[in-house]
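Worksheet: one structure, shown below.
The values are calculated or read from the model by the stated rules, or taken from the named source; none is laboratory data. Note that the coordinates shown come from a computational prediction; the quantities given were computed from them, not determined experimentally. All Cβ positions, glycine included, derive from the backbone under ideal geometry; neighbour counts span all protein chains shown. Please note that ligands, DNA and RNA were not included when accessible areas were found on the heavy atoms of the full protein model with its side chains. Shrake-Rupley method; radii C 1.70, N 1.55, O 1.52, S 1.80 Å.
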Amino acid sequence: MLVWSCIAPHGGELIPELAEENLPRMAATRSAMEELGRRCFKTRPDTILVFTPHGAHVPHYVTVSADENAEGSLSGEAGRSVSARFEIDLELAESLLLRAASDEMPVLPVAYADKNHVLLPFQLDWGAFIPLWFMGAQWKIPPCIVVACPSRSLSREKLIDFGRVAAACCEESASRIALICSADQGHGHDKDGPYGFAPESAEYDNAYNLAVRDGALDRLLDWDEEWIGCAMTDSYWQTLMLHGALLHTPMRPDPLSYEIPTYFGMTCAAFERESEAGSRKPEAGSRKSEAGSRKSEAGSRKNSPPAEDRRGV
């Protein structure tokens, strides 16, 4: 059963041990990630399925973790590191691979081995590791995981179809399964950042946050390909997969935060099944980010989303 889902960013400094002297810089998003962790834990997932943009990438395919175990580690600028290890839910991974293949979707299982063909743990990229640090890695009994990584060359329809299949497999499973859509937003918010300044980043982030807030991820289907590229985002493709999952298993969105503490935007949002969302107290609903956000001026561009999508949240 698919019990819960979320959109979570993957900035390294979100992990306190890696932030060091920059701890205040991502405080608002870190607080939202901690809240996502509490909500995820409350749903008691046996397995967490992660859609990551930075995993095992094969052109024209969605890859799915197929090792027995997964591990990962990250280091901060001062050399401090964190690590985590999980079991992989091979039953869910196999179900997802078989069902997707039977529906003629381009999927590939991925496993790691040494030069002697001895299997090694599946290696977690930072897009999977950072959200899992808040949602599972520090639990007394960590959940199992499955990691899926889409190719950006896949059609929008294929990405949505994969999300539908993933949700169907989760719903048919005897396990309780949560879904994380790991996603950072536009990377062109700072002229001194590694990618420079691009007004499309602010436009994209505003449109994305409105689509999330309004439960209208179908708007992403109308967005111009060139405009998405100019926004320098890594959220678009796996969010279409999330959209497919939510078409199969509807959930109510609850935006928690958005901020631009450095050169890229970060959005946190929870999605809860109607029965769970209806039981939540009003004061536990949406919250605006207060710390670290910077206003960005959104330039105009031909073929960008309509004006009502660019007003911000």
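Some points to look at:
- Summed over the stretch 81-98, the residues that are closer than 30 Å to Glu21 by Cα and surrounded by fewer than 17 Cβ atoms within 10 Å (Cβ to Cβ) give a count of 3.
- Residue count for the stretch 21-33, restricted to those that are more than 19 Å from Pro253 (Cβ to Cβ), open to solvent by 30 Å² or more (accessible area, probe 1.4 Å) and touching a residue at least 12 places away in the same chain (Cβ under 8 Å): 3
- Residue count, the stretch 105-143 (criterion: at pLDDT 95 or above and either of a type in the set (Asp, Glu) or touching a Cys at 6+ places or on another chain (Cβ under 7 Å) (or both)): 2
- Listed by position, the strands (runs of 3 or more DSSP E) contained in the stretch 1-93 that have at least 2 residues being among the hydroxyl-bearing types (Ser, Thr, Tyr) are 62-65, 69-75, 81-87.
- Test: residue in the stretch 103-118 that is closer than 18 Å to Leu49 by Cβ, touching a Ser or Thr at 6+ places or on another chain (Cβ under 9 Å), charged (D, E, K, R) and touching a residue at least 24 places away in the same chain (Cβ under 8 Å): no
- Scan of the stretch 262-274 for residues that are more than 15 Å from Ala8 (Cβ to Cβ) and either surrounded by 22 or more Cβ atoms within 10 Å (Cβ to Cβ) or β-branched (Val, Ile, Thr) (or both), ordered by number: Thr262
- Residues satisfying the stated conditions in the stretch 173-192, i.e. of a type in the set (A, V, I, L, M, F, W, C) and under 20 Å from Phe162 (Cβ atoms): Ile177, Ala178, Leu179, Ile180, Cys181, Ala183
- Only a single item in (1) of a type in the set (Asp, Glu); (2) in contact with a Ser or Thr (Cβ under 6 Å, 6 or more places away or on another chain); (3) free of Cβ contacts under 8 Å to residues at least 60 places away in the same chain is not met by Glu203, and it is number (3).
- If the condition is being charged (D, E, K, R) and closer than 19 Å to Thr63 by Cβ, then the stretch 160-202 contributes Asp161, Arg164.
- Residues of the stretch 108-160 that turn out to be surrounded by fewer than 20 Cβ atoms within 10 Å (Cβ to Cβ), more than 19 Å from the chain's Cα centre (by Cα) and assigned to a strand (DSSP E or B), as a count: 6
- Among the residues of the stretch 63-80, those that are open to solvent by 60 Å² or more (accessible area, probe 1.4 Å) and either hydroxyl-bearing (Ser, Thr, Tyr) or within 24 Å of Ser155 (Cα to Cα) (or both) comprise Ser73, Ser75.
- Inside the stretch 37-62, residues that are surrounded by fewer than 24 Cβ atoms within 10 Å (Cβ to Cβ) and hydrophobic (A, V, I, L, M, F, W, C) make up a count of 3.
- Residue among Leu217, Leu221, Leu179 that is free of Cβ contacts under 8 Å to residues at least 60 places away in the same chain, touching a helix residue (DSSP H, G or I) at 6+ places or on another chain (Cβ under 7 Å) and among the hydrophobic types (A, V, I, L, M, F, W, C): Leu217
- Residue count for the stretch 227-253, restricted to those that are more than 12 Å from the chain's Cα centre (by Cα), in contact (Cβ under 8 Å) with a residue 60 or more places away in the chain and under 19 Å from Gly265 (Cα atoms): 2
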